[in-house]
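A short worksheet on the structure shown next.
The values are calculated or read from the model by the stated rules, or taken from the named source; none is laboratory data. Fair warning: this is a prediction, and the values are worked out from it, not measured in the lab. Here the Cβ positions follow ideal geometry from the backbone for every residue, glycine too, while neighbour counts run over all protein chains shown. Only protein heavy atoms, including side chains, enter the accessible area calculation; ligands, DNA and RNA are left aside. Shrake-Rupley method; radii C 1.70, N 1.55, O 1.52, S 1.80 Å.
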Amino acid sequence: QAHLVESGGGSVQAGGSLRLSCAASGRIFSINVMGWYRQAPGKQRELVAHITSGGSTNYADSVKGRFTISRDNAKNTVTLQMNSLKPEDTAVYYCNANIRSTWRYDDYWGQGTQVTVSS
């Protein structure tokens with residue numbers, strides 16, 4: 001009913017920047033929280049940042065001050081600006097959104113986009 005598609009991943013050197021974008025499409029009545037998660041090889045998927053429909057944000061301590069999450073409610077998109085990247089940020093990044101497509105809210109996930117930070 002709804003789909004999330006990420007873009008913007010890639011490879012950069014430590015200290016560089018990347019911007020990830022995620023667009024929701026399909027049948028969408030409303031979107032509650034949107035966020036970004038990441039998963040490094042052999043590790044648990046973790047929350048990076050999320051943002052409510054009203055613009056309230058929350059960040060993992062490891063990225064606070066370096067990453068910025070934003071959204072455009074009119075376009076159903078969410079963006080993650082990543083600055084001062086570190087090798088520890090290397091992971092597959094997934095977009096997540098709680099969407100009411102028809103009768104209820106459900107979690108939707110993007111396909112994931114690779115972010116690689118070299119030292």
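Using the Cα centre of the chain as origin and beta-carbon charges of +1 (Lys, Arg) and -1 (Asp, Glu), tell me which of 93, 119, 3 is placed farthest towards the positive end of the dipole.
3
If the chain between residue 105 and residue 61 were fully stretched, how many nm would it gain, using 0.36 nm times the residue separation less the Cα-Cα distance? Walk me through the numbers before you get to the answer.
Working: separation 44, 0.36 × 44 = 15.84 nm, distance 2.79 nm.
Once the chain is fully extended between residue 105 and residue 61, it gains 13.1 nm.
Roll a 1.4 Å probe over the protein heavy atoms and report the accessible area of residue 46 in Å², nearest 10.
For residue 46, solvent-accessible area is about 80 Å².
Can you tell me the dipole magnitude for the chain around its Cα centre, using point charges on the Cβ only (Lys, Arg +1; Asp, Glu -1), in Debye to the nearest 20? It would help to have the intermediate numbers written out before the result.
On the way: 12 positive and 8 negative charges, 30 e Å.
Here the size comes out at about 140 debye.
If you take the square roots of the eigenvalues of the alpha-carbon gyration tensor of region 15-78 and sort them as a ≥ b ≥ c, do you get rounded (a/c under 1.5), prolate (a/b over b/c) or oblate? Walk me through the intermediate numbers first.
Details: a/c = 1.87, a/b = 1.60, b/c = 1.17.
Cα axes put region 15-78 in the prolate bin.
Roughly how many Å is it from the Cα centre of region 69-119 to that of region 15-41, as a whole number?
Centre-to-centre distance over Cα atoms comes out at 2 Å.
Carbon and sulfur together cover what percent of the accessible area of the chain at a 1.4 Å probe radius? Can you show the working numbers first?
Values: 2940 of 6380 Å².
Carbon and sulfur: 46 percent of the exposed surface of the chain.
To make sure I understand the rule: partners must be aspartates and glutamates, Cα under 16 Å from the Cα of residue 86, and not fewer than 8 residues away in the same chain. Which ones qualify?
61
Place +1 on the Cβ of every Lys and Arg and -1 on the Cβ of every Asp and Glu in region 33-84, take the dipole about the Cα centre, and give the residue among 54, 77, 42 whose Cα lies farthest towards its positive end.
Positive-most Cα among the choices belongs to 42.
Between residue 27 and residue 12, how many nm apart are label points set 7 Å from Cα along the C-beta direction?
3.8
Mind listing which chymotrypsin sites (Phe, Trp or Tyr not before Pro) in region 88-119 are in a DSSP loop and have 16 or fewer other Cβ atoms within 10 Å? Mind showing how you got there, number by number?
Values: sites: 93, 94, 103, 105, 108, 109; in loops: 103.
Taking region 88-119 and a limit of 16 other Cβ atoms within 10 Å, the loop chymotrypsin sites (Phe, Trp or Tyr not before Pro) found are 103.
Could you give the dipole magnitude of region 59-119 about its Cα centre, charging the beta-carbon of Lys and Arg +1 and that of Asp and Glu -1, in debye to the nearest 20? List each step's numbers first, then the result.
Numbers: 7 positive and 6 negative charges, 39 e Å.
Here the size comes out at about 180 debye.
Within region 53-90, report the trypsin sites (Lys or Arg not before Pro) that DSSP leaves as loop and that have at most 15 other Cβ atoms within 10 Å. Show your work: numbers first, answer last.
Details: sites: 64, 66, 71, 75; in loops: 64, 66, 75.
Listed in order of number, the matching sites are 64, 66, 75.
Please give the per residue accessible area of the chain, computed with a probe of 1.4 Å over protein heavy atoms only, in Å². If you can, show how the numbers build up before the last one.
Working: 6380 Å² over 119 residues.
Per-residue value: 54 Å².
If we count every other residue with Cβ under 9 angstrom of residue 31's Cβ, Lys/Arg +1 and Asp/Glu -1, where does the sum land? The partial results should precede the final answer.
Values: positive: 71, 100; negative: none.
Net local charge, residue 31 excluded: +2.
Enumerate by residue number the chymotrypsin sites (Phe, Trp or Tyr not before Pro) in region 1-61 meeting two conditions: DSSP loop (anything except H, G, I, E, B), and at most 14 other Cβ atoms within 10 Å of the site's Cβ.
Numbers: sites: 29, 36, 37, 59; in loops: 29.
In loop regions of region 1-61 (DSSP not H, G, I, E or B), the sparsely surrounded chymotrypsin sites (Phe, Trp or Tyr not before Pro) are 29.
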